[in-house]
Amino acid sequence: MLTLTSVSIIGGSGYVGGELARLVLTREDLELVQVTSESALGEHLHTAHPNLRGRTDIRFTSPTELKNVDYLFSALPHGSSNSRMRELITHAKHVIDTSADFRLTDPAVYKKWYGKDHSSPELLGTFPYGLPELHREDMKVKGRAAAPGCVATSIILGLYPFRNIAGRVIADSKIGSSAAGKTPSDSSHHPERSGVIRPYAPVDHRHRAEVLQETGVDVMMTVHAVEMVRGISTTLHIELKEPIAEKDVWGLLRGTYGKEPFIRVVRSSKGTFRYPEPKLIMGSNYCDIGFELDPNGNRLVVFSAIDNLMKGAAGSAMQCMNVIMGCDERKGLEFAGLHPI
Ligand SMILES: NC(=O)c1ccc[n+]([C@@H]2O[C@H](COP(=O)([O-])OP(=O)(O)OC[C@H]3O[C@@H](n4cnc5c(N)ncnc54)[C@H](OP(=O)(O)O)[C@@H]3O)[C@@H](O)[C@H]2O)c1
């Protein structure tokens, strides 16, 4: 008989929590024990996540009444996760946090970017940065992960193979509205958000700190809110320390990602979608990466595309769980995306 692995989701009425529930419910080896929400307490999951109608009978429970489980996903806002983590780790051997609270390992760096002291600094560094492509072995040892920021994911995965040959790097990211979470604001109101190409945090986006920590490169990054619900498209302009040839670019990509199940190189000379396109990978856990080399060989333009709620959050978190469980990392993440969409 199959022994089920028990899983709970705290912060389960939000967008990331909903994606985590959808992913967990596809798996026969997992039992979804609890999904918490204060605002939807006692309601069926499909009141917050209508796509899950008929997929489960469970109802939202209180975040203050947690049962003990094998794996706990925390999808709380940053700050809340931080203040509750000492308690959360008593309820599960394995905790995977999707907030920003445990991604940075240095308390001083956390304070600089989040404006206050970390409330459980002794736990910083006990959550490996949740990109299996970079930290698979550490996750297996520590049994935890801090899933990365969504924009940071698109930048880090595009830059990582080239970090040692990079001089100055400019990252230009376009992002969909679901990245801001479920709570409406003036700037997310439909007449204000629809149709925009609106820059935000043009010089000091917090994910810059994660990119620096993981790649050693302090990128100049700007993010634009654009007309998408899901998805991130990032263009990296990488000044190269020395000119390189195209075969070297391929060599670095294949050497870094040749065996990675969710990284695909997208660079075609024919067809409509010659470079990575977020629309095509909605709902999937892929990070598509493409490139073009300046004819002078001194500037590499790298493109990356992800679904912010999948490879940028819940998908990555489930991939981390699979790493820790020691099962196939693709489990529950087989969806290929849709075309046309
Ligand atoms: N959206 C993205 O693309 C994305 C990508 C990467 C990482 N993240 C991170 O993932 C986390 C979740 O993001 P999201 O977009 O799902 O946010 P969200 O839609 O705003 O959902 C937040 C969830 O946390 C719950 N919550 C809020 N304050 C709480 C508290 N003090 N105690 C207990 N529960 C509380 C809310 O539940 P109730 O109000 O119903 O109680 C809700 O279920 C955030 O830390 C975010 O930064 C998001």
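Computed from the coordinates by the stated procedures, all read-outs in this text should not be read as laboratory data. None of the values given here were measured: they were computed from a predicted structure. So basically every Cβ, Gly included, is an ideal-geometry build from the backbone, and we count neighbours across all protein chains shown.
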Per GNM of the chain with C-alpha springs under 10 angstrom, the most fluctuating residue out of G17, G290, G258 is G258
Whole-number D in µm²/s for segment 150-308 (Stokes-Einstein; Kirkwood sum over Cα pairs; 25 °C, 0.890 mPa s):
152
What is the pair-distance distribution P(r) of segment 91-201, computed from all Cα-Cα distances in 10 Å bins starting at 0, with each bin given as a whole percent?
12, 32, 36, 18, 3
Using 1/(1 + (r/R0)^6) with R0 = 22 angstrom and r between the beta carbons of A336 and L25, what's the FRET efficiency to the nearest 0.05?
0.75
On C-alpha positions alone, give me the angle between the axis of helix 150-159 and the longest principal axis of the chain, in degrees, nearest 10.
40
Taking Lys and Arg as +1 and Asp and Glu as -1, residues besides W113 with C-beta under 12 Å from its C-beta add up to +2
What are the extents of the Cα atoms of segment 34-174 along their three principal axes, in Å, largest first?
53, 34, 31
Which one of M139, M228, M282 has the biggest mean-square fluctuation once the chain is modelled by GNM with Cα springs under 10 Å?
M228
Taking only DSSP H segments of four or more residues, each worth -39500 (n - 2.57), what value at 222 nm results for the chain once the sum is divided by all its residues, to the nearest 500 deg cm²/dmol?
-7500 deg cm²/dmol
Spin-label point model (7 Å from Cα, Cβ direction): what's the L4 to E87 distance in nm?
2.6
Can you give the angle from 0 to 90° between the axis of helix 15-25 and the longest principal axis of the chain, with both taken from C-alpha atoms, to the nearest 10?
70
State the Kirkwood hydrodynamic radius of the chain in Å, one decimal place, computed from all pairs of distinct Cα atoms.
20.5
Can you tell me the 0 to 90 degree angle between the C-alpha axis of helix 246-257 and the longest principal axis of the chain, rounded to 10?
20
Pick from Y160, Y286, Y200: which is most flexible by mean-square fluctuation in a GNM of the chain where alpha carbon atoms under 10 Å apart are linked?
Y200
